[in-house]
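A short write-up of the structure that comes next.
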Amino acid sequence: MSKDKKVLVVGSGGRCHAIVKALKRSPRVQKIFCAPGNAGIADDAECVEIGVENVDEIVRFVEENGIDLTVVGPEAALAAGLVNALEEAGHKAFGPTKEAARIESSKEFAKQIMAKYGVPTSGYEAFDDFNAAWDYVRNRPLPAVIKYDGLAAGKGVVVAMSYEEAEGALRDMLLDSSFGKGRVVIEDFLDGPEFSFMCVVSGHKVYPLAMAQDHKRAFDGDKGPNTGGMGAYSPVPFVTDEIRDIALKEIIQRTADALVAEGVPFKGVLYGGLILTKEGPKVIEFNARFGDPETEVVLPRLESDFYDLVEAAVEGLDCETKWSDDAYLGVVLASDGYPGAYEKGAEIKGLENVDAEVYHMGTKRDGRKILTAGGRVLMVVGKGRTISEANEAAKAEIAKIDCPSLFHRTDIGKASL
Ligand code: GLY
């Protein structure tokens with residue numbers, strides 16, 4: 001086997017950092033570029049100053065640099081048609097076309113597919129008129145699950161515990177157009193523990209990844225606003241093999257088959273945001289990409305070659321994966337104020353003392369200094385034989401990081417400790 005592959009990873013967050021590190025472990029990968037990357041990714045890949053939605057420039061870069069395969073991380077790049085453009089130009093790309101990525105970018109499309117093909121999920125109604133939506137919500141029991149029908153960086157979902165909060169969310173999404181002009185989907189509330197089941201999919205073929213659990217609320221005890229995710233761990237003990245097998249067959253495989261039948265075959269990561277209800281696992285949402293922060297705790301458990309897996313998906317070939325039994329638990333350090341307004345540019349000290357994987361989510365370099373440059377800034381991932389050990393490891397290493405304007409949750413993985 002020769003170490004001769006050149007790979008471009010598109011993205012800049014912690015997920016991309018984890019993808020880059022997984023590729024770096026491959027005996028087949030010679031060179032990794034990342035567009036645009038960040039201060040931490042620059043230690044593991046050559047970062048190039050191209051924005052993730054700059055489709056033409058990315059295609060040009062791939063051509064000029066003889067890239068063998070491009071891995072597309074963020075949803076915005078998928079929705080912008082980056083995979084379509086790369087494939088039309090004859091290049092290999094890991095990620096769905098923008099048509100298949102609608103399983104994430106349109107909540108209504110996802111719901112229609114699930115209803116048509118019998119994929120277990122909640123009932124729903126879609127609205128674009130504020131008065132009609134508000135009338136529907138205020139005549140139903142709480143909590144109200146309100147989703148913006150488009151991309152909103154993980155912040156377009158509100159589980160309103162009061163009618164006041166529900167009205168505010170509808171106002172934001174339909175009258176003030178906080179995320180852009182769009183519709184909302186209002187879903188029946190489902191109760192149970194949530195988990196993230198990411199699978200690499202290539203048409204009808206499904207290659208399951210290890211299970212993870214994300215923590216979406218900003219503060220301990222699942223309090224505060226929804227975020228992109230404040231921490232994650234893998235494996236997830238309450239997801240037994242039996243539940244996993246049901247989720248694989250009735251949710252992921254059925255959806256992959258449905259997308260083929262609809263003429264939009266999926267290639268890339270189909271992320272099932274699932275909930276374990278009394279009737280079994282059901283879908284809360286689908287994403288068309290690796291989850292962030294789940295990827296940072298899942299990919300380190302992959303013992304087989306990540307490049308082999310990605311290449312197999314792109315070429316529609318079979319691929320065996322092998323997973324470590326170790327537990328990984330990661331805690332996100334976020335800027336005060338996130339997911340609302342926050343300041344950037346604070347210096348992060350002490351990173352050189354940390355003896356654990358640190359994934360950079362939103363950082364930038366200023367000479368020798370590393371500065372905050374986003375809402376979610378770093379993810380520190382502890383490793384252990386058990387989730388408790390991984391938790392202790394993460395806590396001990398976070399204590400070495402000095403940046404007073406960062407906050408984090410202290411209860412990641414608590415349900416499984
Ligand atoms: N962690 C949730 C997401 O990636 O959307």
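So that you can scan it fast, the table gives a plain yes or no per residue for (1) free of Cβ contacts under 8 Å to residues at least 12 places away in the same chain; (2) within 16 Å of the ligand (Cβ to nearest atom); (3) closer than 26 Å to Lys278 by Cα:
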residue: Ala126; (1), (2), (3): no, no, yes
residue: Ala132; (1), (2), (3): yes, no, no
residue: Ala144; (1), (2), (3): no, no, yes
residue: Leu151; (1), (2), (3): no, yes, no
residue: Tyr163; (1), (2), (3): no, no, no
residue: Gly168; (1), (2), (3): yes, no, no
residue: Ser177; (1), (2), (3): yes, no, no
residue: Arg183; (1), (2), (3): no, no, no
residue: Gly203; (1), (2), (3): no, no, no
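Mind listing just one residue for me: the one in the range 259-273 that is aliphatic (A, V, I, L, M) and more than 12 Å from the ligand (Cβ to nearest atom) and, of those, farthest from Pro96 (Cα to Cα)? Restricting to residues being aliphatic (A, V, I, L, M) and more than 12 Å from the ligand (Cβ to nearest atom), the top hit is Ala261.
Starting from residues that are outside any helix (DSSP H, G or I) and of a type in the set (Gly, Ala, Ser), keep the ones in the range 84-93 and report whichever is surrounded by the fewest Cβ atoms within 10 Å (Cβ to Cβ). Talk me through it step by step, then tell me what you get.
Going residue by residue through the range 84-93, those that are outside any helix (DSSP H, G or I) are 89-93.
Restricting the remaining residues to those that are of a type in the set (Gly, Ala, Ser) gives 89-90, 93.
Working: Ala89: 12, Gly90: 8, Ala93: 27.
The selected residue is Gly90.
Which residue pairs have Cβ atoms under 6 Å apart, sit 6 or more places apart or on different chains, and have a first residue in the range 282-295 that is within 6 Å of the ligand (Cβ to nearest atom) and a second that is of a type in the set (D, E, K, R) and modelled with pLDDT of 95 or more? Listed pairs, sorted by first residue: Asp292/Arg15; Glu294/Asp214.
Restricting the range 257-281 to residues that are touching a residue at least 60 places away in the same chain (Cβ under 8 Å) and among the small types (Gly, Ala, Ser), the residue that is surrounded by the most Cβ atoms within 10 Å (Cβ to Cβ) is Gly268. Of the residues making up the range 51-83, just one is surrounded by 18 or more Cβ atoms within 10 Å (Cβ to Cβ) and without any contact (Cβ under 8 Å) to a residue 24 or more places away in the chain, namely Asn54.
Just name the residue that is farthest from the ligand (Cβ to nearest atom) out of those in the range 215-231 that are surrounded by fewer than 24 Cβ atoms within 10 Å (Cβ to Cβ), in contact (Cβ under 8 Å) with a residue 24 or more places away in the chain and in a strand (DSSP E or B). By that ranking, first place goes to Phe219.
Residues Ala396, Ala373: which one is free of Cβ contacts under 8 Å to residues at least 24 places away in the same chain and surrounded by 14 or more Cβ atoms within 10 Å (Cβ to Cβ)?
Among Ala396, Ala373, only Ala396 is free of Cβ contacts under 8 Å to residues at least 24 places away in the same chain and surrounded by 14 or more Cβ atoms within 10 Å (Cβ to Cβ).
The values are calculated or read from the model by the stated rules, or taken from the named source; none is laboratory data. Since this is a predicted model, take the numbers as computed values, not measurements. So basically every Cβ, Gly included, is an ideal-geometry build from the backbone, and we count neighbours across all protein chains shown.
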